[in-house]
Amino acid sequence: MRMEYVLGIDVGSSSTKAGLFSLDGAAVAIAGRAYPTHEPLLAYKEQEPELWWRAAVSSIRKVTASVRRERILGIAAAGHISSLTFVDRSGAPLRPAVGFQDLRAISEVEEIASSFSRRELHRYLGIDLPPGPTWPLPRLLWFRKNEPRTLEKTYRLLQAKDYVNFRLTGELASDASSNRGIVDLATGKVPHELFSRLRLPESIVPPLFEATGIIGRISKAASRETGLPPGIPVAVGWNDLNACVLGSGAVSQGQAFNITGTSEHIGSIVGRDYRVPELVCAPFLPGRKLLYGVTSCGGGSLDWYRQAFRRRFPNLLQQAKRAPAGCDGLLFLPYLQGERAPIWDPFASGAFIGIRSTHHDRHFVRAVLEGVSFSLRQVLELVQSHAGIDAVPIAVSGGAARVALWNRIKADVLQRAISLPKCPQTGVLGAAILAAVATRRYSSCDQAARAMVRFQGRVEPNPDCAGLYRDSFERYRRLYPALQGWFAGAANGRSEALHVHAG
C-alpha cells in the first residue's frame, strides 16, 4: 500500500517543531529547534521572525529525510499568538516580533479600560477577554503612540505561524481565532468602529480564512530551502491552543485538557458561551468552545530554576523525587513573568515562601513543580464551578507531559486522573490533523482526531495525598492576596523602566 503523510508545524515561543505523520496518526519523525527571546528593556520580550523560519526549515528537513517527499499530502502550522509581527508589502519584518510575555503596554490597558467597558469590548470582539498587556489591542495602541512609523509602514500584522506560512507559500493571510483581541470572532471581521475610535489602521489585519482552508502551495523558493516538492498544499492553520487540544484528542463537550509549555493552559470543552472574569471562553470546533485559563510561567518556571542554579535537568528530577509531598511546608509562587489567570496582574512576582534551615535543593525543585500545579488547580476550580465538570480525566500534553513525576504531582494536587496522549507534542499532531482535513482525507476535525490520536497511559490520583495537598493549596491560595500590596510597591519602583520605549 502506498504510504501517505501529512506534515504539522508548531511555532512555539521557545522552539519550532515539525512532525511527519501517517494518516492513522503514527508519528514518523518529530524534530525541533530552539531560539532565544531578547529583552532589550525591562519587561520587553522580542524575537526575530527569521529564527522561526530557520527553525522550521531545519525541522522540516530532519523529519522528511527518510521518506519520499512527494508522498506528503499537505502541510499545516499552528503557533503561539499575541506575538505581533509587523511586515511590509514584500512580507519583510519591519522590526523584531513582540512576544506574548511582553508587558510594555501596561498604561494602554488602563487607557482602553477607561474608554470602553468590558461589555463594549465583548460586543466589538465577540469574546470576553480579561484586561492585560499581553493582548494585541493595547500593544497596537502602544505602537501608535511610541512607534508610529512602524504602524505607518505595516502592510500586514501576522502571527508567528502566519509568517512561517508566508515563507512557505508567499501568501499573507491568517485565521480569526489566532487574531482574538483584534477581530470580531462572531463575524470573522475587523471591528471597524473599535479601530476607528482608537485611530488604528484596520487594513493591517490580514485576510482571514478557516483553519482548514488552503492558503497556498509550497513555492519554488520554499522548496529550495526545505527540500519539499513545490506545489504541496498548505492549510491556513490555527492558534497553538486549539491545535494542541485537537491533537490531544479532546473534541467532545466535557473533555478536559492541560497544555504544558513555557506557559500552561487548563480548561474544558463546553457547549455554550461563558463569561467568567478570570477565564477565557474561545471558539473551538462547531458548536463547542474552550473555557480555560492560561498562566504565564509553567514549564518556564522549571527552566528558570535549572538555568539560574545551573542544574542539569535529569538531576533536578532525581532531587525532586527525594523530597516529600508538600515539601515540608515550602511553597512556590510561579509568577516569574507576572501572572495571567486567575489574577491578571503583570506586577506579580515569583516567590519561595516558608524557607527553613531544614530545606535543601530537593525541596526547592519539587516546590516549583507543586507551585505550578497549585496554579493550575486554582484555574481548574474556576472552570469546574462554572461548567460543572469535575469527573473526567485531564489530557495532559506538551513537553512536561514526558515528566512522570510532574504528572504524578498534578494528579495528586488536582485529584483528577491524568491521561497521556502517545504523542505528547500535540500542537504538531493537531496541525497535522488540520492538514489531513484540508486535503480531504477526513471529512472533519472530529473524525480526524478520533482516527489519529492515540493514548499511552493514565495516572490516577493518590487519595492518601488529598488532605495534604488540600491544606497546602489553601495556604498557596492565600499567598497572593497577602503579597499583592508588596508586589504593587515593588512595581512602583520599576514603573519608570516599564514605560520607557525604544523610540
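Run the helix sum for the chain: -39,500 (n - 2.57) per DSSP H stretch of 4+ residues, divided by residue count, reported at 222 nm to the nearest 500 deg cm²/dmol.
Values: 16 runs with 192 residues, N = 503.
Taken over the chain, the calculation gives -12000 deg cm²/dmol.
Hey, got a sec? Which GluC sites (Glu not before Pro) in the range 196-296 land in a DSSP loop and have at most 16 other Cβ atoms within 10 Å? Present the calculation step by step, with values, prior to reporting the outcome.
On the way: sites: GLU202, GLU210, GLU225, GLU264, GLU278; in loops: GLU210, GLU264, GLU278.
When the GluC sites (Glu not before Pro) of the range 196-296 are filtered for loop state and at most 16 Cβ neighbours within 10 Å, GLU210, GLU278 remain.
Can you compute 3J(HN,Hα) from phi for each residue in the range 305-316, using the Karplus curve 6.51 cos²θ - 1.76 cosθ + 1.60 with θ = phi - 60°, rounded to whole Hz and x for Gly and Pro?
Listing the rounded values in order: 4, 4, 6, 5, 10, 6, 10, 7, 4, x, 5, 4 Hz.
Net charge around GLY249, counting only other residues with Cβ within less than 9 Å of its Cβ (Lys, Arg = +1; Asp, Glu = -1)? Spell out each step's value before the answer.
Working: positive: ARG450, ARG454; negative: none.
Here the charged neighbours net out to +2.
What percentages make up the Cα-Cα pair-distance distribution of the range 5-236 when the bins are 5 Å wide from 0?
Histogramming the range 5-236 at 5 Å steps yields 1, 7, 14, 18, 19, 15, 11, 8, 5, 2, 0, 0 percent.
State, in angstrom, two size descriptors of the chain derived from its alpha carbons: Rg to one decimal place and Dmax to the nearest whole number.
Cα-based Rg and Dmax for the chain come out at 21.9, 67 Å.
Among the lysines, which have Cα under 28 Å from the Cα of LYS145 when same-chain residues fewer than 8 positions away are ignored?
Cα-Cα hits under 28 Å: LYS45, LYS153, LYS161, LYS189.
Find out how many positive minus negative residues lie around VAL236, taking Lys and Arg as positive, Asp and Glu as negative, among other residues whose Cβ is under 10 Å from that of VAL236.
Values: positive: LYS161; negative: ASP162, GLU171, ASP175, GLU210.
Counting the neighbours of VAL236, the net charge comes to -3.
Enumerate the aspartates and glutamates that LYS17 could reach by cross-link, defined here as Cα to Cα under 14 Å, with residues fewer than 8 away along the same chain left out.
ASP240
Out of GLN337, GLY430, GLN415, whose Cα points farthest toward the positive end of the dipole of the chain (charges: +1 Lys, Arg; -1 Asp, Glu; placed on Cβ)?
Looking along the dipole axis, the top candidate is GLY430.
Within the range 383-448, which trypsin sites (Lys or Arg not before Pro) sit in a loop by DSSP and count at most 15 neighbouring Cβ atoms inside 10 Å?
Numbers: sites: ARG402, ARG408, LYS410, ARG416, LYS422, ARG440, ARG441; in loops: ARG416, LYS422, ARG440, ARG441.
Passing sites in the range 383-448 are LYS422, ARG440.
Bear in mind that the values in this text are calculations on the coordinates, not laboratory data. None of the values given here were measured: they were computed from a predicted structure. Ideal geometry is used to build each Cβ from the backbone, glycine not excepted, and the neighbour counts take in all protein chains shown.
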